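Since the structure comes first, as structure tokens, the remarks are kept for the end.
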Amino acid sequence: MSRIIGIDLGTTNSLVATVESGFPYVIADSEGRRLTPSVVNFPDAESAPVVGIEAQRQQPVQPANTVYSIKRFMGRRGDDLAETEKQVPYSVQYEANGPVRVAVHGRLWSPEAISAEILKKVKQQAEVSLEESVDRAVVTVPAYFNDAQRNATKKAGELAGLTVERIVNEPTAAALAYGLNRLKTNAKIAVYDLGGGTFDLTVLELKEGVFQVLATCGNTRLGGDDLNRRVVEHLTKKIQEAGGPDVTSDLTQLARLHEAVETAKVRLSQELEADIALPFLSIDGFNFHYRLTREELEGLTRDIIAETRQYCARSLADAGIEGKELDQVILVGGQTRMPLVRKMVADFFSCTDFEPVHGNLRVGSEPHEADGPQLNTSQNPDEAVALGAAIQAEILSGGMKELLLLDVTPLSLGIETYGGLMNVIIPRNTTIPVKAGEMFTTAADRQQSMLIHVLQGERERAQDNWSLGRFTIEFESAPKGVPRVGVQFEIDANGILHVLARDTKSGRERVVEMKSAVDVEDTKVQEMVEESVEHAFSDLRARQWVEAKMRAQETLDATEKGLEQCPDEIDAAQRQEIDRLTREVRELLSREDPVTGAGDVDRLKEVVSRLDEVTRPLADAMMDKAMERMLREQGMIS
Ligand code: AMP
């Protein structure tokens, strides 16, 4: 049977993917590009249409002959179209109750025929790369597409010489790519899809391995392009303020500004600042330089991103569920790489697993019992839909069994943190390949290095998990909590774990390859999981104990310092009470059970909290002293 490819026919970009030896991947063109802009340029009446990046380049020069966002017109009739939808630089023709057509060089094209050009291009890309002819495909569409829009998509496939074996909903494809078909039965998933020009939030329910769309809601006119437009407007003003030309009256310069803004926006998802340099903006040689910060970008675009929340709320209401009932929220669409988008999504859905980690311990000393969904960012948001289409294609060809067994992490992977606890970085059952990381800092003053002890397993205490290896990363000596070490785990398609640790100050880093993270005997995995269930309660107590113990030690240290530096702040009775409580804390700490690694957590928390209370005058006095010292150092008081 011939191969079936997966195609994400997007509004902004299209992708083609396949599965090879159980591994799904996006097929690149001969120049290594994996995204094909969904843009078709008609150079003249005779020549064949040009598709992709070359067509996109022609857009500012030949706006009337260059068709973009054709997906918006698929299967639509004249009277379906909103006024704003008709406002494109190319000619759209329709009769009230008739189909939409695009007129170029005196010829009428149906949206299906134009989409077929895009499909032909990606089909050919697949054929060149795979060195075989391809004539079958799975094509994805938004969940809100109606029958007419789905049929139009199928027709486009046929016009491109493809048998469309199945039309799959984009959010379902994304969920497949994230490996969510293997979640527990009855799992509920939200797919937040913010692309270049469209936004939708779909709630899916997984029942016995099959996804059902419970609700979908969005705005087909809201996306990354709106952010770009906002920044372009802002910079247009800045250029004029700096004595430059009005770029809006020069299409070529405006296109340059758009391109520069796009590049800067993408860079600001990684960095805090991006330089925009546009030399020769006018014939008299005006050069424009601007440093755009992430903060400024966020300030300019926050309201656009916030607009997505109303659709999320509506979708949840339509599905009849609350955000916290979801198991996972997954991200799709290039614009979801923006940190502010991720933060807003995490806040809106009260995602529990999104908290940044500080110290050698998670912030918040209570063990986190998930009462909100996990924000899963483990897959590439631009590629998830195409990969899911390829997986669906492979399932249809009956070739997916091996992948189902191989492409998840059998056990959690993490590092040991201060107090001997396991901090999970990649949870068990995560689809691979995967990349995930967290930021850590030191727990003691003047530390010059951090030991990265890599662990695998499901237990709370480091010593109960398997050790995969350890290495150290060095940095400049600094007070506790100051150094910042980023630790990233990457599991490649072969299941090899690469651990990277980077001191953010010096940029110094170490990368260490660990043994296969997936190659673990089934019986051992089973044993580890069973042990974690069996010891769940005692493990939880051990974690609570370690966390309470660290907090107690901090309070003891602060009390000692306070008594030494501000002894006159308390009277004899208070002093007596402090001594009594300090003794009791020490005694409770000494009564740690060597076998369970735990002690009397509740009592310890109670006594430490009382000690905190009675030492408040000391803490306040220390704070005043520190403030005074600072003001004196700054010359603000004598
Ligand atoms: P899509 O429709 O999924 O291809 O998404 C395209 C949109 O994602 C465009 O608006 C891009 O500017 C945006 N985009 C792609 N990569 C990034 C990134 N790293 N950070 C922010 N936005 C991005």
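Pairs from the table (LYS120/LYS155; LYS238/LYS343; LYS155/LYS188) lying more than 21 angstrom apart at Cα are LYS238/LYS343; LYS155/LYS188.
For VAL210 and VAL128, compute 0.36 nm times the residue count separating them, minus their Cα-Cα distance, and round to one decimal in nm. The partial results should precede the final answer.
Details: separation 82, 0.36 × 82 = 29.52 nm, distance 3.36 nm.
Gain on stretching VAL210 to VAL128: 26.2 nm.
Spatial offset of segment 245-285 relative to segment 552-576 amounts to 59 Å, using the alpha carbon center of each. Between helix 572-590 and the chain, what is the angle of the helix's C-alpha long axis to the longest principal axis, kept within 0 to 90° and rounded to the nearest 10? That works out to roughly 70 degrees. At each listed q (0.09, 0.21 Å⁻¹), what is the log10 of I(q)/I(0) that the Debye formula gives for segment 460-615 modelled as equal alpha-carbon point scatterers? Log-scaled intensity ratios, in q order: -0.51, -1.20.
Calculated accessible area for the chain comes out at 48 Å² per residue, all protein chains present (probe 1.4 Å; ligands, DNA, RNA ignored). Principal-axis analysis of the Cα atoms of the chain puts helix 601-614 at an angle of about 80° to the longest axis.
Segment 295-348: D in µm²/s via Stokes-Einstein (Kirkwood Rh, Cα pairs, 4 °C, 1.567 mPa s)? Before the final figure, lay out each step's value.
Working: Rh = 12.2 Å.
Once the numbers are plugged in, D ends up at 106 µm²/s.
Its residues counted as N, segment 179-323 yields a C-alpha radius of gyration over 2.2 N^0.38 Å of 1.39.
Volume of the convex hull of segment 237-358 (Cα atoms only), normalised per residue: 128 Å³. Taking amide H as placed 1.01 Å from N in the peptide plane, the amide H of THR198 sits under 5 Å from that of LEU222, GLY224, each at least 5 places away or on another chain.
Let's test the formula: R0 of 51 Å, r as the Cβ-Cβ distance of ARG221 and ASP557. What FRET efficiency results, to the nearest 0.05? Numbers along the way, then the final one.
On the way: r = 57 Å, r/R0 = 1.12.
E between ARG221 and ASP557, to the nearest 0.05, is 0.35.
Given a 1.4 Å probe and the protein chains as shown, VAL61 ends up with an accessible area of around 110 Å².
Under 23 Å of direct C-alpha separation, and excluding same-chain neighbours fewer than eight residues apart, LYS561 reaches these lysines: LYS480, LYS549, LYS605, LYS625. Seen against the Cα atoms of the chain and their longest principal axis, helix 147-159 is set at about 70 degrees.
Label segment 1-60 by shape, choosing from rounded, prolate and oblate, from the square roots a ≥ b ≥ c of the eigenvalues of the Cα gyration tensor; if a/c is under 1.5 it is rounded, and otherwise prolate applies when a/b is larger than b/c, oblate when it is not. It comes out prolate by the Cα gyration axes.
Summarised in one figure, the compactness ratio Rg/Rh of the chain, Cα atoms and Kirkwood Rh, is 1.04. By a 1.4 Å probe calculation restricted to protein chains, SER30 has an accessible surface near 110 Å², given to the nearest 10.
The values are calculated or read from the model by the stated rules, or taken from the named source; none is laboratory data. This one's a predicted model, so the numbers in the text were calculated from it and none came from an experiment. Here the Cβ is made from the backbone with ideal geometry for all residues, glycine too, and neighbour counts use every protein chain on show. Remember, those area values only see protein heavy atoms, side chains included, never the ligands or the DNA or RNA. Shrake-Rupley method; radii C 1.70, N 1.55, O 1.52, S 1.80 Å.
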